[in-house]
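Notes follow the structure.
The values are calculated or read from the model by the stated rules, or taken from the named source; none is laboratory data. The shown structure was predicted, so the numbers you read here are calculated from the model rather than taken from an experiment. Heads up, the Cβs are rebuilt from the backbone with ideal geometry, glycines too, and the neighbour counts pull from every protein chain shown. The accessibility values were calculated without ligands, DNA or RNA, using every heavy atom of the protein model including side chains. Shrake-Rupley method; radii C 1.70, N 1.55, O 1.52, S 1.80 Å.
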Amino acid sequence: ADQFTLTVDGRRTPIDSFEFRDLTAPSDGIPGVVTAEGPGPASEGPPRRFMLFFEDGTSAPMGLTRARRAADEFLSTGLAPSDLVGLSAYDTGLRILHDFTPDRDALRAAIDLSLHDGRRISDLAVEINRRIESLNLEVADVKEADRTAQSRARANTGNVPLIQGASSRQGPGGGGDAGGVNLTGSDIIQKSQKGFEVASALNKMKFEAFSYAADDAPRMRSVLQALRTLVDSMAQIRGYKSIVFMGDGIPENSALYYIEPIAQLQPDQQLTLMSDTYSMSSDLQALVQDAAAAGVTIHTLQTRGLEAGTAAELRSARSRSNSLQSVALSTGGLYSASNDALKGLYEFETSSRSYYILGFKPEGSPDGRFHPVQVRCKKGASVRWRKGFTRLPPAEARARIVQAAHLLPELYTQIPIELSAVAGPAVSKSRITDLVVHVPAGSLLFLPEGGRPTAHLEVSLVAVDEASREVVKTSRTLRVALPQASGPSAASGSSEPPGLDIVYRVLIPAAAQSIVAVVQDSTGGLLGGARIALPPETEVAGRVLGLSIYSLREKSLWIELPDERFGDAVAGGAAAGGAPAGGVTDYVSGPTLRTTFPPDEPLLCAFRMPVDAAPIGSTLQVVIRRGDETLRILPLQDGIAAAGGTVHVPLSIEGLPAGDYVLAVQEVPPPGSGNPTATPGDRGTAPFRIRPA
């Protein structure tokens, strides 16, 4: 530690803690210990995390294809066994291709799938080069016209530059005197016309340049916002965490490479001032500060590589590369523009196999400001470090994490919640739907409060349609107080606090929806997120209601979110001193509704027949499908269910491999119905997943 010097906010700062972490294999086989030649005692710490980010929205597709293939090989040959890798992409929006996992085969399959995704093909990079080339041709035309006009002017009147215009003083005899140069009336008119044409051409090019910049800037800023969201989503992760950006890059100003040829033709200070509108320097700095607050390192890989091209194309590429270098340098990462993308990925991984952690006590309370840091080594070694830190006030840090959880719920698995949408009756062009959030047993922290084991959590649900319009939005706080006499296990019959099934009944339009649920344990500080996609609702005669899959192995406490007018909800009996206003007074305990099950779990399918849609002459059956293949058929034991009655069907999934499935309730036409080709039709479906044992 005494070989390092640390400077914070320009002042020398004592190093209070010093740690060396090393993932390289020790020669003596003892984990966490290095040889005598090493730099000192080492610890492994939490696993490293790498989020590979493919920026398809503004980058050339060919470069991202090469980057994906390099990433595929990197996952096969690089990394330590304990490393966790996630995959994300930005095309029409930010998407998680796979959450953090050590499963290299699953990651490679996700990369292969994304290679064939049409959404990743962007024409913006080609369009930028086309626009730059078009502007350069227009500039060349103006220069040529200027040279031709000046040649004519020198031949007729002497050396008079066209772009300076012409002045004339008419004499009594109709002649003209322009500072000693004789110009005829026709010369003056012709020269004025040429000057007007040049000015018009310049104005046209300026308009085009800023129109292009105005088109590019929102798309570039969206990429930076996506990166900031990724950074926020990794804030709660301990240990080394990095984002590997792969793409053409983000320019510091989306107008500069458009106005540069115009400025060379006619220097104009106003042109430079107008271009400041499209500067993204503040957005880039905000990304760096967010990374400093979350402790995230950003490595950047320029996927265009080292290429040849016109001077304008090279200037454009250099402009986008410079910002990538700056972001990497500021966050303690590396930058690569090599034509060998795999080499760059190896460099990024190797750079974090051995590193030091210097700890110090910051002054004052969290202020949300960026504090610059400098690290020097007395040994003269080359040192790379994050160039500063940001301490967010607790409320702001929490708000940003929750917001990121709503945007990227796939990355929030600290509480492994599940989300189901149970369809009810249709109302006009909408359908009553129960959104059920399952919180697994043992996921919440229960502490004594008022003589009862009590947990506090916040539950929020958001549904958006295909146009990104919010159709459902709610956020509630819950206090779950278990019975005092029998402790946490009383309500569920287990030795740990029970799981919860939280129900929120809403009216959802029949269009396609994306629904996100986020649960935060306010006491334990952990978060869980889940997302489901609902296809467009189609009218099916006799559709069954409330099709659900329940686990018979465990029971959960069922809590219905109260009307929003009551505010916070209180579940599990009256709190000390009186009954809770707006809450439920007793638990309802029953089978757990889930969407993911181990292969040996006993399940139950349940649904209700509509009052006016009992099958006549037909029979019902329950089938399990994977893709287009029907794997199991389960006839109803009671034959035809009565109208308005509830049907329960035991399910067996034993022997089915891990993967995604669909449970369907089908109506089977009676024999001899007059239609020999009639096939069973779905009256309702419910997706579910079998996880590995």
Residues of segment 597-627 being modelled with pLDDT of 80 or more, in a strand (DSSP E or B) and not aromatic (Phe, Trp, Tyr), in sequence order, are Leu603, Leu604, Cys605, Ala606, Arg608, Leu620, Gln621, Val622, Val623, Ile624, Arg625, Arg626
Flag for Leu271 being among the hydrophobic types (A, V, I, L, M, F, W, C), over 23 Å from Gly86 (Cα atoms), touching a Lys or Arg at 6+ places or on another chain (Cβ under 7 Å) and open to solvent by 10 Å² or more (accessible area, probe 1.4 Å): no
Given the structure, is Glu554 modelled with pLDDT of 50 or more, out of contact with any Leu (no Cβ under 6 Å at 6 or more places or on another chain) and part of a strand (DSSP E or B)? yes
Of the conditions (1) farther than 21 Å from Gln289 by Cα; (2) in contact (Cβ under 8 Å) with a residue 60 or more places away in the chain, Val373 clears all except one; give me its number. (1)
Residue count, segment 435-451 (criterion: assigned to a strand (DSSP E or B), touching a Ser or Thr at 6+ places or on another chain (Cβ under 9 Å) and open to solvent by 30 Å² or more (accessible area, probe 1.4 Å)): 2
What is the number of the single condition among (1) out of contact with any helix residue (DSSP H, G or I) (no Cβ under 8 Å at 6 or more places or on another chain); (2) at pLDDT 85 or above; (3) surrounded by fewer than 22 Cβ atoms within 10 Å (Cβ to Cβ) that Ala337 does not meet? (1)
Among strands (runs of 3 or more DSSP E) entirely inside segment 628-693, those with 3 or more residues being open to solvent by less than 50 Å² (accessible area, probe 1.4 Å) and at pLDDT 75 or above are 646-651, 659-668, 681-690
If I filter segment 356-364 for residues that are within 30 Å of Leu64 (Cα to Cα), open to solvent by less than 40 Å² (accessible area, probe 1.4 Å) and among the small types (Gly, Ala, Ser), do I get at least one hit? no
For segment 97-109, check the following and say yes or no: at least one residue is surrounded by fewer than 21 Cβ atoms within 10 Å (Cβ to Cβ), over 24 Å from Val516 (Cα atoms) and not charged (D, E, K, R). yes
Filter segment 414-434 down to the residues that are open to solvent by 40 Å² or more (accessible area, probe 1.4 Å) and assigned to a strand (DSSP E or B) and list them by number. Pro425, Ala426, Val427, Ile432
Take the conditions loosely packed, with under 15 Cβ neighbours inside 10 Å and either touching a residue at least 60 places away in the same chain (Cβ under 8 Å) or in contact with a helix residue (DSSP H, G or I) (Cβ under 6 Å, 6 or more places away or on another chain) (or both) and apply them to Arg221. Does it pass? no
In this structure, is Ala140 over 18 Å from Asp215 (Cα atoms) and surrounded by fewer than 14 Cβ atoms within 10 Å (Cβ to Cβ)? yes
Yes or no: segment 245-264 includes at least one residue that is out of contact with any helix residue (DSSP H, G or I) (no Cβ under 7 Å at 6 or more places or on another chain), surrounded by fewer than 23 Cβ atoms within 10 Å (Cβ to Cβ) and in a helix (DSSP H, G or I). yes
